[in-house]
Amino acid sequence: MSAAEPFKVPLALQAPSERVGPGWIAAVVIVHIGINVGFFAPIQVLLGLHAEQLDASQKNAILSLVTGVGAAVSLVANPLFGALSDRSTSKFGRRIPWVFFGTICGALALLLMSTAQTVSMLVIGWALMQAAGNAALAAIFAAIPDKVPVEQRGMVGGLVALGQTCGSLIGAVIGMVAASNLVFGYAIVATAVAICSIPFVLMRQDVALPKGTLEPIKPLEFAKSFWINPVKHADFGWAWLTRFLLYLGCQLCLVYLLFFLQDEIGHPDPAQGVLVLTAIYAFCVIFSSVISGKLSDKDGKRKKYVIISSVIVAAAAGVLAVSSTFTFAVIAAVLLGIGFGAYLAVDFALLTQVLPNADSRGKDLGMINIANSLPQVAAPLIAWLAVTWFGGYSTLFLCSVVVSLFGAVLVRQIKSVP
C-alpha cells in the first residue's frame, strides 16, 4: 500500500448499512432464548429449591450467596470475553466461536450443578455457568451492532428482549415441572442452552476479522482498555449508570419472588405462582418491547421511552410494597412487564448509539452488561438486609421504587441521543 493510499477499514469494523433479514434476526433471538433459559430457570426456581434442599433454615442466605458469586463472575466474564471476541480472527467470524463454545460449556456447567450435594459445589457450578453463558451472551450482543444498521436497532432490540423474556418464561415452566426432580430440571435447561445456538452457528453470517488488523494484545494496555473514561465519553457513562439503576430496580422485585409468594403471601404452590406471574410478565414484555422498539425507530426518540418505562417499573414495585396479596402481585407483573419491556427494546438501541469505538463493540457492550450483572450482586445483599433486618418485603420493594425513579431522572443527562 502506498503512502498516499488511504487505509481501508475492514468490513468487520465498518458501520453496517444493509438491513438484516428475518432469518438472521430469528437465529439471534433463539440464541438469546437458550442463554436466558440457562440463566433464569435456576435464578427463578431451581437455585431456590436447591438451596432449600441443602438447608431449609438457611435458604435465603444460600440463595443470596450462590447468585451473588455467580453475578460477580459475570462482571468479569462479560467484558473479558467480549473483548476477546473483538480480536478473534477465526475463519468462522469474531462472534460464532464464542457463542458455540460458551453455550456448550454452559450446558456442561448446568449438568455439574445437578450433582451438587454441598453449597460449595453449587457455587462452583453456578460460577462456571455464569462464565460460559456470559461468553456467549457478550458475543451475541456484539453481533447486533456488527450487523444491524441504527434505523433497525429498535425493532431488533425489541425482538431480542422477546428472546430474553421467552427464556425467562420457559425457565419458569421448567422450574415448575421439575420442582420435585432437580436433576431432571437441570438436564432440560442444559439441553436448551446447547441446542439454541445451532441456527446462528450454522448460518455462518458472521464477518471475519483479517489477521493483523488489530495490534497483538499487550497485557497492561489490554487491562487499561477496560476503563472507559466517563468524562470523555459522558453519554456512555450516563447510559451505563441508568441501565444499572433500572436493572437493580427490576432485580429487587424478582430476586426473592419465590420466597415472597411462599412466606409473605402464603401461596399454596409458590413454583406455580412464579410461573403464572412470569407468564403475565412475559406477555406484557413481548407486547411492550416490540411496540416501543418500532415507535422509537420511527420517531428517532429514545430517552422519552426510557423515562416512561422507568416510572412504570417504579409503579410496579410500589404496588408490591403496599399490598401482599396475589392479586396485587398480578397487577405488579403487568406493570413490570410493560415498563421493563419498553426499556429493554429502546435502551439497547440507545446504548449501541453511544459506543466509543467500532473495533471494541464486544468489550464496550460487555462493560455495559456489567450494569446488567452488578445488580445481581447487589440485589441479593439488599434483599437479605431488607427482609431480615430492615422491615421485610415492603422495605425491599420501596428500595426498588427509589432506584428506578433515580434512573428515570439521570437518563436526561445523555445528550447525543434524542
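The values are calculated or read from the model by the stated rules, or taken from the named source; none is laboratory data. None of the values given here were measured: they were computed from a predicted structure. All Cβ positions, even for glycine, are placed from backbone atoms using ideal geometry, and neighbour counts span all protein chains on display.
Listing for the model above:
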| read-out | value |
| --- | --- |
| The range 288-307 residues that are within 20 Å of Arg19 (Cβ to Cβ) and in a helix (DSSP H, G or I), paired with ones that are at pLDDT below 80 and of a type in the set (Val, Ile, Thr) (beta carbon under 8 Å, 6 or more apart) | Ser289/Thr165 |
| Search result, residues across the range 89-104 that are small (Gly, Ala, Ser) and buried (at least 20 other Cβ atoms within 10 Å of the Cβ) | Gly93, Gly102 |
| Inter-residue pairs, beta-carbon under 7 Å, first under 18 Å from Ile170 (Cβ atoms) and in the range 263-277, second β-branched (Val, Ile, Thr), 6+ apart | Ala271/Val45; Val274/Val45; Leu275/Val173; Leu277/Val330 |
| Tabulated pairs, the range 87-102, first more than 23 Å from Thr191 (Cβ to Cβ), second of a type in the set (D, E, K, R) and part of a helix (DSSP H, G or I), C-beta under 7 angstrom, 6+ apart or interchain | Arg94/Asp86 |
| Among the residues listed as Ala116, Ala107, Ala143, the single one being surrounded by fewer than 24 Cβ atoms within 10 Å (Cβ to Cβ) and of a type outside the set (Asp, Glu) | Ala116 |
| The range 229-254: number of residues that are in a loop (DSSP other than H, G, I, E, B) and crowded, with 21+ Cβ neighbours inside 10 Å | 0 |
| Residue list for the range 238-273, restricted to those being farther than 30 Å from Gln353 by Cβ and under 19 Å from the mean Cα position of the chain (by Cα) | Val255, Tyr256, Leu257 |
| Where a residue in the range 186-208 is under 25 Å from Lys91 (Cβ atoms) and in contact (Cβ under 8 Å) with a residue 24 or more places away in the chain and its partner, wherever it lies, is aromatic (Phe, Trp, Tyr) and buried (at least 24 other Cβ atoms within 10 Å of the Cβ), with Cβ under 6 Å and at least six apart | none |
| Count of residues meeting criterion [assigned to a helix (DSSP H, G or I), hydrophobic (A, V, I, L, M, F, W, C) and either surrounded by fewer than 22 Cβ atoms within 10 Å (Cβ to Cβ) or in contact with a Pro (Cβ under 7 Å, 6 or more places away or on another chain) (or both)] in the range 255-268 | 4 |
| The range 337-372 - residue that is among the charged types (D, E, K, R) and in contact with a helix residue (DSSP H, G or I) (Cβ under 7 Å, 6 or more places away or on another chain) and, of those, nearest to Val148 (Cα to Cα) | Arg361 |
| Criterion: surrounded by fewer than 24 Cβ atoms within 10 Å (Cβ to Cβ) and within 30 Å of Val76 (Cβ to Cβ) - qualifying residue of Val334, Val346, Val330, Val354 | Val354 |
| Test: residue in the range 183-196 that is at pLDDT below 90, surrounded by 18 or more Cβ atoms within 10 Å (Cβ to Cβ) and either among the β-branched types (Val, Ile, Thr) or touching a helix residue (DSSP H, G or I) at 6+ places or on another chain (Cβ under 9 Å) (or both) | no |
| Complete set of residues in the range 285-308 that are farther than 17 Å from Gln353 by Cβ and crowded, with 22+ Cβ neighbours inside 10 Å | Val285, Ser288, Ser289 |
| Condition broken by Pro42, with the remaining ones in (1) in contact with a helix residue (DSSP H, G or I) (Cβ under 6 Å, 6 or more places away or on another chain); (2) at pLDDT 90 or above; (3) crowded, with 23+ Cβ neighbours inside 10 Å satisfied | (1) |
| Hey, Leu75 at pLDDT 90 or above, part of a helix (DSSP H, G or I) and under 15 Å from Met129 (Cβ atoms) or not | no |
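To keep it simple, each residue is scored yes or no on (1) in a helix (DSSP H, G or I); (2) under 17 Å from Trp238 (Cβ atoms); (3) not hydroxyl-bearing (Ser, Thr, Tyr).
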residue	(1), (2), (3)
Ala314	yes, no, yes
Thr327	yes, no, no
Val334	yes, no, yes
Val346	yes, yes, yes
Leu374	yes, yes, yes
